[in-house]
Amino acid sequence: MLSLNNQPPWQAKTEFMEFQAKLGGNLKAYTYEVMRVQPGHRVLDVGCGPGIDTCGLAQRVGPTGQVVGVDRDEQTLADADQRAQEKGVAGWVEHRLADAEALPFADNTFDGCRAERVFMHQPHPEKVLAEMVRVLKPGGWVVVLEGDGETISFDLDDLRIHHILKRAWIEKHSNSYAGRKLYRQFKQRGLLDVTVEQIPFGITDLAVARRLANLDDLGKRALAAGWFTEEELRGVRTRMEEADAEGVFFCQVIQNLVSGNKAEV
Ligand SMILES: C[S@@+](CC[C@H](N)C(=O)[O-])C[C@H]1O[C@@H](n2cnc3c(N)ncnc32)[C@H](O)[C@@H]1O
């Protein structure tokens, strides 16, 4: 597991996304395989962030293909354009400002479509999935990777505190349960050959968990909600710091990787 003893390298969203991508190892590349991306394909990444995946996909489709990434955050799109320039793939990668609930593309445009860690932020994830399926060509694959808030867990002997932190995490996001609903939603949308795989993600470094699970914010939220006292908050911080110093800190979350094929007409 990756260990960070110094100041974390995430001063901004882009650095943070790059760090997360590194932690995931080969997971991103695996999602492209599940998408069956081929040279010459035209593919879409929804909620593309700083373009880590659009650039990864660009290498797969090559200059005879096309990659489009959409995001609602203009700054992250500027970073994505810069990354595509640096990687030498800008000629066949485009990043556009758009809302995932209203994709600015005609029906049946893309050979493959993906979204990673986007659905938990959606008030209406089913609308996003409907849009992804609409713009996908018949025979194309849609792939979504998303965690499930219920599966976040901390190795704390005091289970009450563990459940409080988990509740704070769940309530912080628009749709913490999006990951578990995908299998059903893919089938209800009429996708074929739907598969779901569980991808575990463990963290053994408190500095990493602090940032990835937003631990400090969870503590503040729980305190503000009156779910625990300041003394209890100090106590849980101390226990986590002690565990980290002993090299035994642990927390985990499970992500679901769901894929489905749009029926040929
Ligand atoms: C956690 S980041 C993941 C970025 C990227 N998929 C990755 O794995 O590196 C989620 C991204 O989705 C974007 N996003 C969230 N909701 C969106 C929406 N409704 N429409 C477009 N982009 C959205 C955010 O701006 C953010 O860049």
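The values are calculated or read from the model by the stated rules, or taken from the named source; none is laboratory data. These numbers come from a predicted model, not from an experiment. All Cβ positions, glycine included, derive from the backbone under ideal geometry; neighbour counts span all protein chains shown. We work out accessible area using only protein heavy atoms, side chains counted, and drop any ligands, DNA or RNA first. Shrake-Rupley method; radii C 1.70, N 1.55, O 1.52, S 1.80 Å.
Quickly run through the range 90-113 and pick out the residues that are surrounded by 21 or more Cβ atoms within 10 Å (Cβ to Cβ) and either within 19 Å of the chain's Cα centre (by Cα) or over 16 Å from residue 38 (Cβ atoms) (or both).
Narrowing the range 90-113 to residues surrounded by 21 or more Cβ atoms within 10 Å (Cβ to Cβ): 93, 95, 100, 103, 110-113.
Those that are surrounded by 21 or more Cβ atoms within 10 Å (Cβ to Cβ) and either within 19 Å of the chain's Cα centre (by Cα) or over 16 Å from residue 38 (Cβ atoms) (or both): 93, 95, 100, 103, 112, 113.
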- Message: Please go through the range 180-211 and give me each residue that is open to solvent by less than 80 Å² (accessible area, probe 1.4 Å), more than 23 Å from residue 160 (Cβ to Cβ) and in a helix (DSSP H, G or I), ordered by number.
- Response: 181, 182, 185, 186, 207, 208, 211
- Task: Six or more apart or on different chains, Cβ under 7 Å: which pairs go from a residue in the range 19-45 that's open to solvent by less than 40 Å² (accessible area, probe 1.4 Å) to one that's of a type in the set (Lys, Arg) and more than 11 Å from the ligand (Cβ to nearest atom)? Could you list them?
- Result: 32/60; 37/60
- Mind checking which residues of the range 129-155 are closer than 24 Å to residue 199 by Cα and in a strand (DSSP E or B)? 140, 141, 142, 143, 144, 145, 146, 147, 153, 154
- Task: Identify all residues within the range 227-248 that are outside any helix (DSSP H, G or I), open to solvent by 60 Å² or more (accessible area, probe 1.4 Å) and modelled with pLDDT under 95; write none if there are none.
- Result: 229
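Search the range 98-128 for residues being of a type in the set (D, E, K, R) and part of a loop (DSSP other than H, G, I, E, B), and hand back the single one that is farthest from the ligand (Cβ to nearest atom). Break it down stepwise before answering.
Restricting attention to the range 98-128, the residues satisfying the condition of being of a type in the set (D, E, K, R) are 99, 101, 107, 111, 114, 116-117, 126-127.
Add one more test, that the residue is part of a loop (DSSP other than H, G, I, E, B), and what stays is 99, 101, 107, 117.
Values: 99: 5, 101: 6, 107: 19, 117: 4 Å.
By that ranking, first place goes to 107.
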- Note on the structure: Residues of the range 69-97 being within 13 Å of the ligand (Cβ to nearest atom), part of a helix (DSSP H, G or I) and within 20 Å of residue 28 (Cα to Cα), in sequence order, are 76, 77, 79, 80, 83
- Task: Return a yes/no flag: does the range 138-157 have any residue that is at negative phi, surrounded by fewer than 19 Cβ atoms within 10 Å (Cβ to Cβ) and within 16 Å of the ligand (Cβ to nearest atom).
- Result: no
- Item | Options 68, 143, 118: the member that is under 18 Å from residue 188 (Cα atoms) and modelled with pLDDT of 95 or more | 143
- Any chance residue 239 is more than 21 Å from residue 147 (Cα to Cα) and free of Cβ contacts under 8 Å to residues at least 40 places away in the same chain: no
